[in-house]
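Colleague: Sharing a structure here in structure tokens format.
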Amino acid sequence: MATQDIARTLHYAGDDFTQAGNMVRKVLYDDTRKVLVSNVTRHLLNGVSRPVLDRAVQYWRNSNRSTGDKVAQVPTSPDANTPPNNPPQAPCRRMGAEG
């Protein structure tokens, strides 16, 4: 297979969302998911247009419905319920570690 063909071949599970969804569901702890949502919403509050916001919410919902729903709750203006600038760091599970 030529190098340019590899780039055109569908990767893991044939989509862009399975691997990300598995990471959110199987690797991250609840506290870590909260930090993730806080980080995503903080960046979305940084002046993105409505179409970009809608697209970001759909991407997150495609990966993990619950996370996408939380991202969808982002206020439309930066001064309304802005998430903290420095959310606490939360641990994540090691791959292969017992839950």
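Colleague: Could you run through the stretch 2-40 and say how many residues are of a type in the set (Val, Ile, Thr) and modelled with pLDDT under 60?
Modeller: 3
Colleague: If you take the residues of the stretch 45-63 that are crowded, with 19+ Cβ neighbours inside 10 Å and modelled with pLDDT of 90 or more, which of them is nearest to the chain's Cα centre (by Cα)?
Modeller: Only one residue tops the list, namely Trp60.
The values are calculated or read from the model by the stated rules, or taken from the named source; none is laboratory data. Not measured: the values here are computed from a predicted model. Positions of Cβ are generated from backbone atoms using ideal geometry, with glycine treated the same way; all protein chains shown enter the neighbour counts.
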